[in-house]
Amino acid sequence: MISYAKISEMVRYIKEKRLWAEWQYGTRCWEYPWVLENGKFETGLKCLDAGCGRSPIPAYLYGLGCEAHGLDYLQGEKGDYPDTYGIPKSWIKTWDKKILYHHGTLFDAPFPDNTFDRITCLSVLEHILTPKAPHAHYPALKEMKRILKPGGLLIITVDYFLNQDVTPDYDYRDDISFLQMDPFVGDSYFTTREEMIADEDIFVIPPQMYMEMGFGQGFNKAVYHRLTSVGYILQKSLHESQ
């Protein structure tokens, strides 16, 4: 399954009062509900939110009866990481015995092969890749595939700049090719940037709103850019152990 932030879906999510479905959350208003609607989460599944920070996803999955795990290398008080989010110790304590938080990175995940039924990685990859290293996140993709069980789902969203000059050598379709995993829905369509730009239903964050939300000016301060969010859900082959 492959999709991107759409106004029509966001309006529906808001009306249905889905998780974080409020306009002020920007593309999160689409990402979280879309992931939960399409991720086939069920009681008893072992789920990891990779690069979790203080995402509400693990807590929501715990409420659904899943075994909820979170992975992040930033754990401590906000003052310890002035340029990042991190997970405050108080947050980890609040969810003790409900969410299992692990200290580690996506480049060397502290789990055996084939551990999780579901892995979510939401708006994380764009913090790893750069215009000069557009594939710097590939080792992280490889690690997530390694720790995913055969038949399990890898669920990813990534901020996607519609002006290709901002990240000229990055395309989410290359990520899917690298992973060599099939989309969870067989007739998924690999939408191009050009098709997204032409779609009146697409939701984009304009630069001014992007900065007001506290995200700075993105990769390229000199180039006008709008960003949306792309999501894809891939399934690991039942015949593949890593």
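The values are calculated or read from the model by the stated rules, or taken from the named source; none is laboratory data. Keep in mind that what you see is a predicted model, and the values were worked out from it rather than measured. When we count neighbours, we look across all protein chains shown, and the Cβ atoms used for this are built from the backbone with ideal geometry, even at glycine. When the accessible area is computed, the model is the full protein with side chains, heavy atoms only, and any ligands, DNA or RNA have been set aside. Shrake-Rupley method; radii C 1.70, N 1.55, O 1.52, S 1.80 Å.
Details
- Cα shape, the chain, gyration tensor, a/c 1.5 rule: rounded
- Solvent-accessible surface ranking, highest first, for W34, W91, W20 at 1.4 angstrom: W20, W91, W34
- Heavy-atom accessible area per residue - the stretch 160-214, 1.4 Å, Å²: 54 Å²
- Site pair K17 and L162 shows an inter-label distance of 3.2 nm when each label is modelled 7 Å from Cα along Cα→Cβ.
- With the helix formula -39500 (n - 2.57) applied to DSSP H stretches of n ≥ 4, the chain reaches a computed 222 nm mean residue ellipticity of -7000 deg cm²/dmol.
- Carbon and sulfur %, accessible surface of the chain computed with the full protein complex present, 1.4 Å: 52 percent
- List I2, I233, ordered by accessible area with a 1.4 Å probe, largest first: I2, I233
- Taking packing as the residue-averaged number of other Cβ atoms within 10 angstrom, the listed peptides 156-169, 187-200 run from highest to lowest as 156-169, 187-200.
- Set of lysines near K149 by C-alpha distance (under 25 Å), chain-local residues within fewer than 8 positions excluded: K40, K46, K97, K98, K236
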